[in-house]
Amino acid sequence: MRCRIGGLALLLVLGGCGEGTSGPLGPILLGLWGLAGESPARLTGLHVAAELQLLCSSVGTNQPVELDSGGHFAFEGRLHTSRLTSEKRTAQVTGQLEADRVTLTIDVLGDGNGPRTLILDAGVDPGFGALPPVCPL
């Protein structure tokens, strides 16, 4: 089953199922990838946007995310967190799509922690709905 889901994700990314990409954009990031466990994550790529959801935060863009010929992509957006703060941070997400796996690097600009790398697989449900998150204050 995993191969079928991955194949579908790759087919969608390459513009299959009768939905070719045209215009100034080449292939765009389309699909759903996830990581379950202690640090769950979900990456959603749509025709019009992309969003990376983590346990207590998310970052997204309201534009399609273009893939280069090697499957690399990048987007930047405002970081939304569960913390009540007036500070507005930006995060940069870079990654590479290879078959049914996406390797991501997320860097919250100005937080001093440096980039974090995640590996997400097509069709994996991170289980965000199983338990309410316990986020730092």
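The values are calculated or read from the model by the stated rules, or taken from the named source; none is laboratory data. Given the structure is predicted, the values throughout are model-derived calculations rather than measurements. For accessibility, only protein heavy atoms count, side chains too; no ligands or nucleic acids. Shrake-Rupley method; radii C 1.70, N 1.55, O 1.52, S 1.80 Å.
Our estimate of slack between Leu55 and Glu38, defined as 0.36 nm per intervening residue step minus the Cα-Cα distance, is 5.2 nm. Annotation: Glu87 carries an accessible surface of approximately 100 Å², with a 1.4 Å probe and no ligand, DNA or RNA atoms counted.
Subtracting the Cα-Cα distance of Thr103 and Thr117 from 0.36 nm times their residue separation leaves 4.3 nm of extension gain.
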